[in-house]
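Values in this text are rule-based calculations from the coordinates and carry no lab data. As the structure is a computational prediction, the values presented were derived from the model and not from experiment. Here the Cβ is made from the backbone with ideal geometry for all residues, glycine too, and neighbour counts use every protein chain on show.
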Amino acid sequence: MEDSPEESRGWGAQAWAQLSAVRQRSPLIQCITNFVSMDLMANTLLSAGASPAMVHSLHEIPDFTPNVQALCVNVGTLTDDWLPAMKSAAELAVRLGKPWVLDPVAAGASGFRLRACLELVGLRPSVIRGNGSEIIALSKASVGPTKGVDSSHESTDAVEAAKSLAQASGSIIAVSGAVDIVTDGERVVGAQNGVAMMQRITATGCSVTALVAAFVAIDPLHAFEATASALSIFGIAGEIGMDMAKGPASLRMHLLDSLYGLDQATVLRRVNIINLP
Ligand SMILES: Nc1ncnc2c1ncn2[C@@H]1O[C@H](COP(=O)(O)OP(=O)(O)O)[C@@H](O)[C@H]1O
Ligand SMILES: Cc1ncsc1CCOP(=O)(O)O
Ligand SMILES: [Mg+2]
């Protein structure tokens, strides 16, 4: 069933309030992320008004993590030596009551990666954001033939997997795709913003996960709503960016410019989040 205009306006007003809070409070987001994504992720956070720091040495976590407003952990280029820092930062964030967000890149691509992701899920991330294949692999805890970091599933194929993963983990689960699905295991919403060309830019998934961390940082008691808002806002930036873009490279630039320049009227008009069964 379609949402009433009142409900749609509610989501738009909430997304605008949360984006405004990110801009005003500029939360410090610690990112332990893959080498491919560092640039776009940091620039996405800066364009949204947040403050990124790619700090991943195990030795720095006791001093640094207590000062951040949220942590983003991404296993995209995982090796043995990075995992202890990811786990240590996540454990400390939980102990200090700070939100942390997991991006289980290519979770089903190898046993090593899947085991690492499952260990991280056990450390109770506030939010897990992946594509359809990643969320299905995590939910089934199984390795299989994959397209690596890309998805071979639609996000809508992963709704049941997302709900059961949310119930088993206690985390909010977000599945990106043509429709971005968000669930806490009971409620399910779909954010229907974005353009297909976003898949042709590496690290857009990683970057929207970091944006989720920034939104959850400023509204940790409403992680479900903050996650849906962040996905919708990033999608709107992609839609507006696409009007000026000629292809992936110029979309990357225009997406960042559009995220930086989003105003209230545009957010209220374009946020498209609906309840799903
Ligand atoms: N077909 C699509 N239509 C609109 N937006 C999309 C589409 N596919 C992906 N996106 C958007 O691109 C971003 C990255 O998502 P995705 O490609 O699923 O992640 P990943 O890069 O981790 O596989 C998200 O903001 C998502 O909403
Ligand atoms: C190409 C690649 N290889 C390892 S991590 C990575 C980036 C993945 O980024 P995203 O999940 O946002 O597409
Ligand atoms: Mg990804």
Fully extended contour minus Cα-Cα distance, from E119 to F35, at 0.36 nm per residue: 28.1 nm
Share of pairwise Cα separations in the range 58-190, more than 17 Å, in percent: 55 percent
The chain - Rg (one decimal) and Dmax (whole number), Cα, Å: 16.9, 51
Alpha-carbon centroid distance for the pair the range 39-57 / the range 206-267, whole angstrom: 13 Å
Reduced Cα scattering model of the range 131-220, Debye log10 I(q)/I(0), q = 0.12, 0.15 Å⁻¹: -0.35, -0.56
Förster radius 35 Å - calculated FRET efficiency between R269 and A249 (Cβ-Cβ, nearest 0.05): 0.80
Cα-based shape type of the range 160-275, given that a ≥ b ≥ c are square roots of the gyration tensor eigenvalues and the cut on a/c is 1.5: prolate
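Looking at the chain, what % of its DSSP beta bridges pair antiparallel, to the nearest 5? Show your work: numbers first, answer last.
On the way: 11 of 29 bridges.
Close to 40 percent.
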Residues whose placed amide H lies under 5 Å from that of V188, excluding near-sequence neighbours: L276
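Under the definition of Cα pairs under 8 Å and six or more residues apart, what whole-number percent is the relative contact order of the range 5-275?
Numbers: 594 pairs, mean separation 58.1, N = 271.
After rounding, I find 21 percent.
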Relative contact order [Cα under 8 Å, 6+ residues apart], the range 102-233, whole percent: 21 percent
